[in-house]
1. Select from segment 74-94 the residues that are buried (at least 18 other Cβ atoms within 10 Å of the Cβ) and not in a helix (DSSP H, G or I) and list them in ascending order.
2. I'd like to check something: does segment 95-118 contain any residue that is at pLDDT below 90 and surrounded by 12 or more Cβ atoms within 10 Å (Cβ to Cβ)?
3. Quick test for you: out of 136, 143, 125, pick the one residue that is modelled with pLDDT under 90 and either assigned to a strand (DSSP E or B) or not assigned by TED's automatic domain parsing to the domain that holds residue 85 (or both).
4. Could you give every pair whose Cβ atoms fall below 6 Å, whose first residue belongs to segment 82-100 and is over 17 Å from residue 129 (Cβ atoms), and whose second residue is modelled with pLDDT of 90 or more, counting only separations of at least 6 or pairs across chains?
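The values are calculated or read from the model by the stated rules, or taken from the named source; none is laboratory data. Please read all numbers here as calculations on a predicted model, not as lab measurements. Neighbour counts are summed over all protein chains in view; Cβ atoms, including those assigned to glycine, are modelled from backbone coordinates with ideal geometry.
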C-alpha cells in the first residue's frame, strides 16, 4: 500500500476538520470551573446559615413577684431528676448517692444517669466518698 492510498481514504472521524472538536475541551473546562464555583458558593452560604442567633435571656417572675431559681430549674428536669433535686433540698442540700437510690426507689443505673445529667447542667456536684459519692446541690441553686 502506498502513502497516497492512505490519504485518499479520507478522515477517520466525520468531524475531524470541524470547529466542534476544537471547542469541546474548552467547554468541558468551563463547565468544571462553574461547577466548582457553585459548590464553593453553596458551601460558604450553608456555613453562614448555621451561625447561632443571639439568645435573649428572660426572667421568670412568680406570683409573689420574686424569682425562684429552684422552681425554674425543676421545671426543666426529667421526673427522676426532679425527685433527686427535691430529695437534696429536703435533706439540706447533700446526700450520698446510695442513699438517694434506696430512699427514692431508683435503680443504681437510673440514679447514676440522672446525677450525671444534673452534673452536666451544673445543678449538683459529686465527690468520691468511700465506696459511693456525696452529691451536693450547687450553691447557685441552694440558699438556706
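1. Of everything in segment 74-94, just one residue is buried (at least 18 other Cβ atoms within 10 Å of the Cβ) and not in a helix (DSSP H, G or I), namely 77.
2. No, there is no match, as no residue in segment 95-118 is at pLDDT below 90 and surrounded by 12 or more Cβ atoms within 10 Å (Cβ to Cβ).
3. Of the residues listed, the single one that is modelled with pLDDT under 90 and either assigned to a strand (DSSP E or B) or not assigned by TED's automatic domain parsing to the domain that holds residue 85 (or both) is 143.
4. From residues that are over 17 Å from residue 129 (Cβ atoms), the pairs are 83/104.
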